[in-house]
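The structure appears right after this line, and notes come after that.
The values are calculated or read from the model by the stated rules, or taken from the named source; none is laboratory data. In this text, all values refer to a predicted model and were calculated from it rather than measured experimentally. Here Cβ is always computed from backbone atoms with ideal geometry, including for glycine, and neighbour counts include all displayed protein chains. Surface accessibility is based on the protein's heavy atoms, side chains included, excluding ligands, DNA and RNA. Shrake-Rupley method; radii C 1.70, N 1.55, O 1.52, S 1.80 Å.
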Amino acid sequence: MHRFRKGRPLSRFLHRLIAFSALALFTGVAGALTPAAAEPLRIVALGDSLTAGFGLPASQSFPTRLEAALRAKGHEVVIENAGVSGDTTSAGLARLDWSVPEGTDGVILELGANDALRGLDPAIPERSLGAILARLKARGIPVLMAGMQAPPNFGAAYRARFDPIYERLAAQYDVELYPFFLDGVAGETALNQKDGIHPTAAGVEVIVARMLPAVEAFLETLKTPSPAAGTPADTGAGTGAPG
């Protein structure tokens, strides 16, 4: 009887040890069954000063405000600001590979305003944008391209050559197109800085609000498996070096 009473603490200890081990095993299995948090979609906004946020705090730039608007609607997304003030389409092409790193899920492409402001031959931005689209397509990175319009002071003939290049390229490379990045802001004094070109913080909010449905639709395409990457059958106008 004496030995039995001495053994009872050991028995209780073994029972507790077994119970603790079972609990730890169950917790481990439950943890393994819990799905890991989804990685956010990583988007690069590749553009010029309109993307970079010229004249504005970083917190009021287009990529930052767009990311905030998307997150407010429940989208897990990170938008990298790859805007460089003064960049033409040719300059964007030159820095494409390091501006759009591996692991990028999609690109919002906003380039061409500086080409138009300088009155460059529209064949140049068309060739450079085509090369950007071809390279991203080859890398399997989807694109939402934001179109641009030439300023009216260059005349109707120039605009007739410049403005259609975005729709033409979107069709050729099968990418999503938002027709005009500055829709609702261009020409609106209250929404532009003193230079009449760059949006104010309020102007950026208008751009984000108008573009948001197109970006949300673009994000949905990124969540759907796409066919293997490849180049379009005819890329003659888009793969040459910029002139």
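Here are the numbers for this structure:
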item	result
Meets criteria (small (Gly, Ala, Ser) and surrounded by 15 or more Cβ atoms within 10 Å (Cβ to Cβ)) for Ala82	yes
In the stretch 194-212, the residues that are part of a loop (DSSP other than H, G, I, E, B) and closer than 15 Å to Thr51 by Cβ	Ile197, His198
Selection count, the stretch 56-74, where residues are crowded, with 17+ Cβ neighbours inside 10 Å and outside any helix (DSSP H, G or I)	2
Any hit, the stretch 183-199, residues being open to solvent by less than 60 Å² (accessible area, probe 1.4 Å), in contact (Cβ under 8 Å) with a residue 24 or more places away in the chain and within 30 Å of Ala38 (Cα to Cα)	no
Neighbours by Cβ (under 9 Å, 6+ apart or cross-chain): first from the stretch 80-104, under 19 Å from Pro57 (Cα atoms); second outside any loop (DSSP other than H, G, I, E, B) and open to solvent by 70 Å² or more (accessible area, probe 1.4 Å)	Glu80/Arg42; Asn81/Ala58
Top-ranked residue in the stretch 140-161 [being more than 18 Å from Ile108 (Cα to Cα) and not in a helix (DSSP H, G or I); ranked as most open to solvent (accessible area, probe 1.4 Å)]	Pro151
Subset of the stretch 91-112 [open to solvent by less than 50 Å² (accessible area, probe 1.4 Å) and either of a type in the set (D, E, K, R) or assigned to a loop (DSSP other than H, G, I, E, B) (or both)]	Arg95, Val100, Thr104, Glu110, Leu111, Gly112
Selected residue (criterion: most open to solvent (accessible area, probe 1.4 Å)) from residues of the stretch 162-182 that are within 25 Å of Leu70 (Cα to Cα) and acidic (Asp, Glu)	Asp174
Qualifying residue in the stretch 162-183 (condition: assigned to a loop (DSSP other than H, G, I, E, B), at pLDDT 95 or above, among the charged types (D, E, K, R) and farther than 18 Å from Thr89 by Cβ)	yes
